[in-house]
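Before any comments, here is the structure.
Just so it is clear, none of the values below were taken in a lab; they were calculated from the coordinates. What you see is a predicted model, and the numbers here were worked out from it, not measured in a lab. Because the Cβ atoms are built from the backbone with ideal geometry, glycine has one as well, and the counts that use them run over all protein chains shown.
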Amino acid sequence: MAFFLQNAWLIPLLPLLASAIITLTPIRRQAMASAWLATGLMMVATVLALGLLAAVSGGWALHHGELVQLAAHHSEHGAFAFPEPNVVQRFVWAPTGDTALQMGIYIDGAAAAMLAMVTITSTCIHLFSIGYMAAHPRQSRFFSFIALFTAAMLLMSMADNLLLFFMAWEIMGLCSYLLIGFLYERPSAARAAVKAFITTRIGDVLLLLGIVYLYAQAGGISFGNEEGGIFHPPLLERLASETGALGLSHAAGIALLIFGGTVGKSAQFPLHVWLPDAMEGPTPVSALIHAATMVAAGVFLVARTFPLFAADPTSLGVVAFIGAFTALFAATIALAQFDIKRILAYSTLSQLGFMVAALGVGGWVAAMFHLITHAFFKALLFLGSGSIIHAMEQQPSIQRIHHHDEYAAQQTAQDIRNMGGLRTRLPWTFWTYTAGYLALAGIVPFAGFWSKDEILLDAFKHNLAVYLTLSVAAFLTAVYMTRQWWLVFFGEYRGAHPVVFENPDAPASHAGHGHEDHHHDHDHGEHWHEDPRMIAALVVLASFAVTAGAFNLPFDGPGGHWLASLWGQEAAKLNPLVAGLSLLIALVGIALGWYGYRNAFATAMDTDPLAARAPGLFAVLNAKYRIDELYAATIGRLTTSLATAWSLLDRSVIDRLVDGMGRFTFGLGKVNFIIDDTLLNDGPDGLASGTQGTGRQARRLQTGKAQDYLIYVFSGLLALAVFWLYVIGR
Amino acid sequence: MNLPEYLLPAADGVPWLTLLVLSPLAGIALIGLAWLLKLDERTIKTGVLAWTGVPLLLAGLIWVRFDPNAVASGQAVVQLVERVPWIQAIRVDYFLGVDGLSMPLVLLTAVMTPVAVIASWGVSARVRAHLALLLLLEAAMLGYFVALDFFFFFIFWEFSLVPAFFLIQNWGREQRRYAAFKFFVYTMAGSLGMLLLFQLIYLSVRQAGYPTFDLIALGRLGQGLPVAGVEGNLRDILFAYLEQLGVTNALGRYPLLYSSIAMWAIFIAFAIKLAVWPFHTWLPDAYAEGPTAASILLSAVMSKMGAYGMLRLLLPFTPDAAQYFAPALAALAVIGVVAGAFGALNQVNGDIKRLIGYTSINHMGYVMLAIAGAAAAGEAGVAARASAINGALVQMVAHGLSTGALFYLAGALYERTGRWELSGLGGLRASAPAFAGVMGIALFANLGLPGLAGFVGEFFIFRGAWATLPFFTALAVIGLVVTALALLLMFQRIFLGPATGNPRAIADLRPQEFWTTAPILLLSLLIGVYPAPLMALGNAAAGQLVAIFTRVLG
């Protein structure tokens, strides 16, 4: 046990090492060696993380290097508090006047659970990627990036202070930029990468302000309940009672700024726009970003700093509202998308909204529980969709249409209208995907049911409006997931006559040419293939999607409330009414989805049943409420005009002023020069020729030998200085 | 010469700082010798590059001898002091020394000069003169950072302009004459007020019976710390002199008025060098039009002379006025932050060097914000205020490293593409992956990515400035987002997308280029991951410097 506690710091170091080795040594030329190196080190990290989780759940802790057993934490009703951490290791990182900022790791139940979840999902994603990226020329670089990404997430999970948390958080921002823009030849990927980085950075700078606000108020930013830690109860009381800006208490101000970071990173409304575009990255990246790492980071941030939120209910109200709104808002958009990954992306937004809303109503355990189950089943769904896309791209019908345009081929391959009947063609993918689908839809006993039910229960107990909003969102989740699942796996395969994606960035003639091709060519075969490495990852994740609910069953007895007790929090009891209702909602949603889409899309060109009934609504949802366009027209345009305005100010006002002053000075200098030269030097006898001479002198002056002017100015200054010192001064 | 306890000569008696300042000048003599011997240009370039190792080595030796934690009678101990009477009539001493404020900048100067020399490898016209001017500039900047008597301080200050001016004017681009001229006039005009102020200060302290140009002694007087041989603080001494002249009858008997005039005189001189808004418009021209080596040295080191001057003169000499006007200074800083960021954004289809130049305005705005934040009135204690100064020092070093690397790479890119405009480039990453990677790291270092040095500087600046000036600090984060956008779009224009630009492919990073940028970026990484060694250099000095601002002054 002591081994795992003492060497917890190795967990983020191993993937970091993998990333460094791949980047810096010749191994990067060996694609498979790089891939297996990263995957192997990830597996070792997983073992360490699981060992650490076992040690932590056993109540073991390190105190000054000694292994001790912590007393079981009994949370009192009322105030939220973290239990005593199991490992804290710190060192001085930066001196700050008469104090110093310490850095280190801080491991408690929450961190240990996060580490285990991240390592497991990330290992599966690594494994999957070996198959998925096998054909890609930059495979080594891909593994170096996802290893760095995972390292940052792991480091963030065990950070002992908000600065380290933020640093790891930003490294993830960098990795998301690199991975979303991985296929950088595509203009759309480059744009999406910048969009993701900048949109999340807007949230990040708010978080940064929250951190420095807290630093200024608390004099430190280290986690911990003891004096000097930011969860020290008297400190929290003071922060909640003193009023800062805008009539908010310090606690609310700090918490809301921190929440700004969550809104960016976890893609909550109104900063959600980057996440669907992030689908430009290779599919395993989507799984990594949407399940295990980046978006989970935002929720974990609120969970990690929860006592600050709990200190003032104002901030929790905002959190609950944003979360519930995003959950519903994103679910409606997901109803009307055709891109398989985009549906999952909006589903992620919606599920993150559930977690954020759960935190907002005080359901800390429910939110963290859902964070973990969602990570497993959403990683599964994304990788499953990757397997589907991978297979679709290989289809001769699609390859033929887009013979040179890889990007367009991929977009066509991702369209669920072009799928259908894949149940028999990709059986492993079908069964694992179905497990993920049922978990997401919230069917008992799959993982998602238990965690979502716990969220709904907390909302039901504390905030009925949030409960109702989330229930509608849960209903829509079942509908859109059934629509997707049905259209992908059932009915006839429609890919022989697909809806063809027209690439706006490609030469115009291309797509049309492809279209003709496929009308004249009907006898192409189908080649379906599932990669065993990809299947292995799917099976592991599917087993978690089925069973992860068992980590925190709402019953007393063996296995019950395991996570709640690991985290030292009060356990929720099953409420048959809420549980029954949420199951009913899910079943009705599935039934409706099946009913609506059972006969839809006989061919890929058909109209969506929802579009047939409510074309206006469908168009709005399909266009994602036109928020991207709105931002482009307002914020985008404002930014551009501000940039122009500043330059105009520089050029037309300040520079004019400077040039004018320069001219004025030289004008003076010229007058001075003429007077000196003609009156004093040339003397009165040369007055006649002096006029001529002045002209010559002035011309000489005006020819613009800058050095000359400067020598005059400088010698003038020196003369003035000497004059001051020796004549006036004496 | 008897030195007070806060001045400490070198234990081994070696005039390290004099050697440091003279070593680049000796390099110039060697260039002259090489010219007599008619050595070819390549040999001279290599020789000069090797010779820049000498100041670097000396700076390293000085660093080893420097004790950052030494504190005595209310200030950080100035070390390796050399002090010789120079002009007895006006009590000028040859007075050199380093403390925590100058040590990081001395190191930065010594590190960046070799980079500038390598960046001038492609220069073919008048190579010897070019290299000699670089060494001259290095000597002037080193001298400026270690000189502690106003006479020498000002001479080095003004003198650094000369090589910079000629570098821009003779080896720059099309608009070089205008740029060089603007640069020179701006800076010269700015120092006028400071020069006159020092005449006045000298006459005042002479009146008080302690004629001196000693910056340390004057700084102590300004902060009200005891100085042997004179009573009172600088503000009262100045006021007494003006009263005797009768100025106070005309303008009013407000001591703060006169220290404010003094503060603004100092501020304008240094604000121009630091390119604080609205004294910044020389910068994009000078950086963009100058040759690569000049852009590197100007942006990486020379702009820091302004910030250093504020720390050395403005804060200690006129703390009351600095505290009183801190919100105004912060407002200028924030306008500069925003102006620089949007100025850079406006160049994403324009000139790459101009874009980098504007980001420098943005970054120096943070430094200005830190200085204002450290001085501003408020409840904040030493920890917050010292963090601001520490942050500013780290930011200066970090910006020097990252901007130096960016300018260097921009120059290398120009050698390949023959164009400075960003429009018309694209997709070069495919042909030059290592080039793109290194430039990407320099760019992320510049935009303050955690793990690289720039973030450390920015974080501690924000941490310190928030404690006293939360409103301005909150506004300043706009710059973080917009600068990042500008730099990422710059990267996108050059490297990403399909390779449809002109040219379609370029040569990848050459070993020489890699070995130039890798050490600076590695330094940036080391500072970013573990900043304690660098921050410890200035921490004691910063803590002592800001102690006075925890009181209400004025």
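Excluding same-chain neighbours fewer than eight residues apart, the lysines reachable from B:K273 by a Cα-Cα span under 24 Å are A:K705, B:K182, B:K304, B:K353. Overall size of the stretch A:115-187 from C-alpha positions, given as principal axis extents largest first: 41, 28, 15 Å. Across the stretch B:1-158, counting alpha-carbon atoms alone, Rg and Dmax equal 17.1, 55 Å. Legend: calculated FRET efficiency, A:W594 to A:L464, from the Cβ-Cβ distance at R0 = 30 Å, rounded to 0.05, equals 0.50. Would you please state the base-10 log of I(q)/I(0) at q = 0.29, 0.31, 0.32, 0.35 1/Å for the stretch B:238-279, with intensities from the Debye formula using one equal scatterer on every alpha carbon? After summing over all Cα pairs, the log10 values are -0.90, -0.98, -1.02, -1.14. Put a dot 7 Å past the Cα of A:A2, heading toward its Cβ, do the same for A:V44, and the two dots end up 2.3 nm apart. Over all distinct Cα-Cα pairs of chain A, the Kirkwood formula returns a hydrodynamic radius of 28.4 Å. Taking Cα atoms, how many degrees apart are the long axis of helix A:139-157 and the longest axis of chain A, rounded to 10 and kept between 0 and 90? Its long axis makes an angle of about 90 degrees.
Debye-formula intensities of the stretch A:573-664, expressed as log10 I(q)/I(0) at q = 0.26 Å⁻¹, are -1.18 (one equal scatterer per alpha-carbon, no solvent). Taking the fewest neighbouring Cβ atoms within 10 Å as the starting point, the ordered list for A:K452, A:K461, A:K195, B:K273 is A:K461, A:K195, B:K273, A:K452. Centre-to-centre, using Cα atoms only, the stretch B:128-177 and the stretch A:424-482 are separated by 69 Å. Relative to the longest principal axis of the Cα atoms of chain A, the long axis of helix A:294-304 makes an angle of roughly 90 degrees. Taking the number of Cβ atoms within 10 Å of each Cβ as an exposure proxy, the fewest-first ranking of A:L642, A:L359 is A:L642, A:L359. Averaged over the residues of B:330-340, the number of partner chain Cβ atoms lying within 10 Å of the residue Cβ comes to 1. Compared with the direct C-alpha span, the chain from B:A430 to B:T550 gains 37.7 nm at full extension, assuming 0.36 nm per residue. In terms of Cα atoms, the Rg and Dmax of the stretch A:263-324 work out to 13.3, 42 Å. Taking a straight line from the alpha carbon of A:K573, these aspartates and glutamates sit under 17 Å away, with near neighbours fewer than eight places off in the same chain left out: A:E76, A:D453, A:E454, A:D458, A:D556.
Plainly put, the stretch A:312-414 has a radius of gyration that is 1.17 times its Kirkwood radius, both from alpha-carbon atoms, as the Rg/Rh ratio.
What the Cα convex hull of chain B gives, in volume per residue, is 134 Å³.
Kirkwood Rh and Cα-based Rg: tell me the resulting Rg over Rh for the protein assembly as shown, rounded to two decimals. Here Rg/Rh amounts to 1.02. Footprinting exposure proxy ranking of B:E41, B:E138, B:E82, fewest other C-beta atoms within 10 angstrom first, gives B:E41, B:E82, B:E138.
All C-alpha to C-alpha distances of the stretch A:438-487, sorted into 5 Å bins beginning at zero, yield P(r) values of 5, 23, 25, 24, 14, 6, 2, 0 percent in whole numbers. Approximating the spin labels as points 7 Å out from Cα along Cα→Cβ, the A:T607-to-A:M661 distance works out to 6.9 nm. Treating cross-link reach as a plain straight distance, find the lysines whose alpha-carbon is under 27 Å from the alpha-carbon of A:K624, omitting any fewer than eight places away in the same chain. The reachable lysines, counting only those whose Cα sits under 27 Å from A:K624, are A:K195, A:K265, A:K341, A:K378, A:K452. Over the protein assembly as shown, dividing the summed -39,500 (n - 2.57) contributions of all DSSP H runs of at least 4 residues by the number of residues returns a 222 nm mean residue ellipticity of -22000 deg cm²/dmol.
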